[in-house]
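Structure first, then comments.
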Amino acid sequence: MSEPRVEEKEVEEAENESSIESLERLPDGTLLDEYDLPPMPSRGSIQEETGGPESLVSVYGSPLSSEAAADAFPSGPGGLIWHAQLVSGDWTDPKHCTKDGEIKPRRPILPVREQDFFSSIVQTSDNRWIFSGVLNGWPGLNVLELMSITYKKKGVLKKSSIVRAWNTGSTATPAWPEGVKKTASVRLTLRSPPWTSRGWSPSSPGFVWWFQSNRSQSLGGSLMTHGESMITQLQQDCKEEFKDQQAGQEPVVTNIHLFAHRYAKLTETNKDKLTYHSAILLEWDHGNYCTVVELATLNGVGGRMGRVNWFDDKLEPSPALYKAMPTNMVLPWKGEFAEIRCSDIKAKNLDEFKTFVSQYVGKHLRFLDVHW
């Protein structure tokens, strides 16, 4: 019997994913640089702790029970799709491993050793295989359904094809493909829970977030909210802050300014010179700060350690936005999807914002050719 093959599209997807690490830009034009891949966590650092957005710890070998896994991952269609590289116990790669062979956290290809992965999955009563833990140091990749195991097979004239070794619904237990060398390229296709097609949490749909960096200390200080909860949180804050008055006074936008810029780059190609990013600046009636609103790549901030151009601490090890980010938002970026970002900044008006931007104009900095 001939081995089953998948669509040619999967061959293209596999080839595209293998080149992700060489990308210079996100699909929205954002430049990628050395700061976007985290180093190995130093001993005793916060990155070695589990539970927060800054954690780089991978968690394997302690899966949920079958019942708990089914509750954490309800059945149904939808959910974001991820591809991870399944590797052997002695696999090493200078790009993705330390000199001692330890896999680095948050790699573009999501490498995971076979023993770690297969010790972290359980079968539910409806014959689904659920991973639970933390995959490759990504806090948001904690409950995933295994959809398929595929590998690349070389054919005649060096043309490759993708062979599906295991598929969801199979009665066989997932395992490394039989007869395939440990050096082969084996890929796991994984799915997040169905609600991830609509937002970062089941209770607050919508791929939009708001970093309230100037939120009053009396309300608890800076906060990051997302989806529909942005509205309810603002209403609660206004009610609390103006509780001595008859009604909570929600802020009102007084001016909206559109601006555009190129991303700073030492040597620009013709395409670079034609690639602009546009955003809007909101001025509020309270006059305490402004808000930058932009459309950009989904998880482009959560996947790059909270780095945003509108804050001075962008290149700090732990920007304030990163510390405030819910762990369920710390995920690899998804180039085919977008999110709306709302960032409260220090500038109180357009002139102050122009002054801020001017500090970072230059090929070695953040912006080029800013248009107001």
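The values are calculated or read from the model by the stated rules, or taken from the named source; none is laboratory data. Note that this is a predicted model, so its numbers are computed, not measured. No Cβ is skipped: glycine too gets one built from the backbone with ideal geometry, and neighbour counts run over all protein chains shown. Note: accessible area is taken over every heavy atom of the protein model, side chains too, but ligands, DNA and RNA are not part of it. Shrake-Rupley method; radii C 1.70, N 1.55, O 1.52, S 1.80 Å.
Across segment 228-239, a minimum of one residue is classified as out of contact with any Phe, Trp or Tyr (no Cβ under 7 Å at 6 or more places or on another chain), outside any helix (DSSP H, G or I) and at pLDDT 95 or above.
Applying a threshold of 7 Å to beta carbon distances and a minimum spacing of six or more residues, or different chains, the list of pairs starting in segment 317-330 at a residue that is more than 9 Å from Glu54 (Cα to Cα) and ending at one that is part of a loop (DSSP other than H, G, I, E, B) and among the polar types (S, T, N, Q) reads Ala320/Ser213; Ala320/Ser222; Ala324/Ser222; Asn328/Ser201. For segment 298-311, the count of residues that are within 29 Å of Leu80 (Cα to Cα), open to solvent by 20 Å² or more (accessible area, probe 1.4 Å), assigned to a strand (DSSP E or B) and at pLDDT 95 or above is zero. Restricting attention to segment 42-67, the residues being open to solvent by less than 40 Å² (accessible area, probe 1.4 Å), of a type in the set (A, V, I, L, M) and at pLDDT 95 or above number 0.
For segment 139-160, the candidate set comprises residues that are in a strand (DSSP E or B) and among the charged types (D, E, K, R); within that set, the residue that is surrounded by the most Cβ atoms within 10 Å (Cβ to Cβ) is Glu145. In segment 334-363, the residue that is nearest to Pro105 (Cα to Cα) out of those that are under 15 Å from the mean Cα position of the chain (by Cα) and basic (Lys, Arg) is Lys334. Only one of the numbered conditions (1) in a loop (DSSP other than H, G, I, E, B); (2) more than 13 Å from the chain's Cα centre (by Cα); (3) of a type outside the set (Gly, Ala, Ser) is violated by Leu331, and that is (2).
Considering segment 177-194 alone, what residues qualify as being in contact with a strand residue (DSSP E or B) (Cβ under 7 Å, 6 or more places away or on another chain) and either part of a loop (DSSP other than H, G, I, E, B) or closer than 16 Å to Gln115 by Cβ (or both)?
Across segment 177-194, the qualifying residues are Pro177, Val180, Ala184, Ser185, Val186, Leu188, Ser192, Pro193.
Residues that are of a type in the set (Phe, Trp, Tyr) and within 20 Å of the chain's Cα centre (by Cα) within segment 72-125 comprise Phe73, Trp82, listed in sequence order. Of Asp351, Asp369, all but one fail to be open to solvent by 40 Å² or more (accessible area, probe 1.4 Å), modelled with pLDDT of 95 or more and at positive phi; the exception is Asp369.
Do you know which residues across segment 272-289 are closer than 17 Å to Val361 by Cβ, open to solvent by 40 Å² or more (accessible area, probe 1.4 Å) and outside any strand (DSSP E or B)?
Those that are closer than 17 Å to Val361 by Cβ, open to solvent by 40 Å² or more (accessible area, probe 1.4 Å) and outside any strand (DSSP E or B): Lys273, Tyr276.
Filtered by the rule that a residue be part of a strand (DSSP E or B) and open to solvent by 50 Å² or more (accessible area, probe 1.4 Å), segment 106-127 gives a lone residue, Gln123.
Scan segment 184-212 for residues that are open to solvent by 30 Å² or more (accessible area, probe 1.4 Å) and of a type in the set (D, E, K, R) and the total you get is 1.
Residues of segment 213-227 that are free of Cβ contacts under 8 Å to residues at least 24 places away in the same chain, open to solvent by less than 30 Å² (accessible area, probe 1.4 Å) and assigned to a loop (DSSP other than H, G, I, E, B): Gly221 alone. Is one or more of the residues making up segment 161-183 open to solvent by 60 Å² or more (accessible area, probe 1.4 Å), touching a residue at least 60 places away in the same chain (Cβ under 8 Å) and out of contact with any Ser or Thr (no Cβ under 6 Å at 6 or more places or on another chain)? Yes; the residues of segment 161-183 include at least one that is open to solvent by 60 Å² or more (accessible area, probe 1.4 Å), touching a residue at least 60 places away in the same chain (Cβ under 8 Å) and out of contact with any Ser or Thr (no Cβ under 6 Å at 6 or more places or on another chain).
Would segment 261-271 turn up any residue that is out of contact with any Cys (no Cβ under 9 Å at 6 or more places or on another chain) and assigned to a helix (DSSP H, G or I)? Yes: one or more hits.
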